[in-house]
Amino acid sequence: MNDKLKVVCLINARSGSKSIPNKNIKKLQGLPLIAWSIKIALNANCFTKVFVNTDSKQIAKISESFGAEVPFLRPKKYATDNSKQIDAITYFIQKIAKSNEKFDAVAILQPTFPLRIVKDITSCIDKMVRTNADTVITLTKVNNSTLHTLYKFTNKGHPRPIIKFSNKGTIRQNLPDIYKRVGCVYLIKKKIILKSKSIYGKNIQSVLIDERRSFDLDSMFDWNLLESWLKFNSKKSWIYESRK
């Protein structure tokens, strides 16, 4: 258990998913999706509490069966298609803070990133302790030519590159490394959420994670792709850690 920073884990899981019906309780390799995040949070042994923030009694019951705490259900106004996640997070943190729950920071684990491992979580906490960061996010390296392949359309329907580059072409090896934010872990100081209603403070740090662990389930295509990938890789030790 981390003794320098008191951290609670918060797993947001509303009902009513459109892209993947019943996404948070849909079984991935025989385990409800939300259970992947609950299990790894408990295995990390660095949280004072592991909470699930949901509007669904069914999700709450399943979450509790895997060891998470669901102290109350999220109001419906924070669980619609148009609701902002930060509003649901702020509501939850305000409420548990009033119940005298003692903590310094909150780790947000999104259920749609089931392949995170303990090290991804503990590295974020270590980074916050070492740097006194307000926020620690997870990043993964992406193809550095990506920016040069992005286009937008003009009013007349002509494609134009978002990033200007030489008409003579570019050499990939000469391009700078680029990274994208992934939702494996967001670690935020409690005071930032309560004062700013934001997950981003002024001092933002990051932890790099392997691309294979940054898989995001946003559609049935993603789900089917991950199921196929897991079928041929499930014996790898780090995947076993994610679900044991």
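The values are calculated or read from the model by the stated rules, or taken from the named source; none is laboratory data. The model shown is predicted, which means the values in this text are computed figures rather than measured ones. Cβ sites come from the backbone with ideal geometry, for glycine too, and all protein chains shown count toward neighbours. These area figures cover heavy atoms from the full protein model, side chains too; ligands, DNA and RNA do not enter into them. Shrake-Rupley method; radii C 1.70, N 1.55, O 1.52, S 1.80 Å.
Read through the list (1) over 16 Å from the mean Cα position of the chain (by Cα); (2) open to solvent by 50 Å² or more (accessible area, probe 1.4 Å); (3) under 27 Å from VAL207 (Cβ atoms); (4) not small (Gly, Ala, Ser), then give the number of the only condition that CYS46 fails.
CYS46 satisfies every listed condition except (2).
Can you pull out the residues in the range 100-109 that are open to solvent by 40 Å² or more (accessible area, probe 1.4 Å) and farther than 13 Å from ILE188 by Cα? Steps first, answer last, please.
Narrowing the range 100-109 to residues open to solvent by 40 Å² or more (accessible area, probe 1.4 Å): 100, 102, 104.
Residues satisfying the conditions are ASN100, LYS102.
Tally time: how many residues in the range 130-150 are in contact with a strand residue (DSSP E or B) (Cβ under 6 Å, 6 or more places away or on another chain) and either more than 22 Å from LYS164 (Cα to Cα) or among the aliphatic types (A, V, I, L, M) (or both)? Explain how you work it out, then say what you get.
To start, the set of residues in the range 130-150 that are in contact with a strand residue (DSSP E or B) (Cβ under 6 Å, 6 or more places away or on another chain) comprises 131, 133-142, 144.
Adding the requirement that they be either more than 22 Å from LYS164 (Cα to Cα) or among the aliphatic types (A, V, I, L, M) (or both) leaves 131, 133-140, 142.
Looking only at that region, the number is 10.
Quick one: in the range 83-99, of everything that is of a type outside the set (A, V, I, L, M, F, W, C) and under 19 Å from the mean Cα position of the chain (by Cα), which residue is surrounded by the fewest Cβ atoms within 10 Å (Cβ to Cβ)? Write out each step before concluding.
Our first condition is that a residue be of a type outside the set (A, V, I, L, M, F, W, C); within the range 83-99, this holds for 83-85, 87, 90-91, 94-95, 98-99.
Now drop any that are not under 19 Å from the mean Cα position of the chain (by Cα), which leaves 83-85, 87, 90-91.
Working: SER83: 16, LYS84: 10, GLN85: 16, ASP87: 13, THR90: 18, TYR91: 17.
Here the answer is LYS84.
Does VAL50 satisfy the criteria of being hydrophobic (A, V, I, L, M, F, W, C) and more than 18 Å from GLY183 (Cβ to Cβ)?
Working: hydrophobic (A, V, I, L, M, F, W, C): yes; more than 18 Å from GLY183 (Cβ to Cβ): no.
No; evaluated as a whole, the condition is false for this residue.
If you check every pair at least six apart or on different chains, which have Cβ atoms under 9 Å apart with a residue in the range 136-156 that is free of Cβ contacts under 8 Å to residues at least 24 places away in the same chain first and a residue that is among the hydrophobic types (A, V, I, L, M, F, W, C) and open to solvent by 70 Å² or more (accessible area, probe 1.4 Å) second?
Every condition considered, the pairs that remain are LEU150/ILE162; TYR151/ILE162; LYS152/ILE162.
Name the residues in the range 1-30 that are open to solvent by less than 20 Å² (accessible area, probe 1.4 Å) and in contact with a Lys or Arg (Cβ under 6 Å, 6 or more places away or on another chain), would you?
VAL8
From the list SER56, SER37, SER63, pick out the single residue that is within 18 Å of THR112 (Cα to Cα) and either over 19 Å from the mean Cα position of the chain (by Cα) or of a type in the set (A, V, I, L, M) (or both). Even if it seems obvious, please write down each step before you answer.
Numbers: SER37 fails: either over 19 Å from the mean Cα position of the chain (by Cα) or of a type in the set (A, V, I, L, M) (or both); SER63 fails: either over 19 Å from the mean Cα position of the chain (by Cα) or of a type in the set (A, V, I, L, M) (or both).
When all the criteria are applied, what remains is SER56.
Can you tell me which residues in the range 119-137 are farther than 18 Å from ILE192 by Cα, open to solvent by 10 Å² or more (accessible area, probe 1.4 Å) and within 17 Å of the chain's Cα centre (by Cα)?
LYS119, THR122, SER123 - these are the residues of the range 119-137 that are farther than 18 Å from ILE192 by Cα, open to solvent by 10 Å² or more (accessible area, probe 1.4 Å) and within 17 Å of the chain's Cα centre (by Cα).
If I go through the range 18-68 residue by residue, how many of them are under 24 Å from CYS124 (Cβ atoms) and of a type in the set (Gly, Ala, Ser)?
7
What number of residues within the range 185-216 satisfy the criterion of being at pLDDT below 95 and part of a strand (DSSP E or B)?
Number satisfying all stated conditions: 0.
Out of (1) more than 26 Å from SER214 (Cβ to Cβ); (2) open to solvent by 20 Å² or more (accessible area, probe 1.4 Å), the odd one out for ALA60 is which?
(2)
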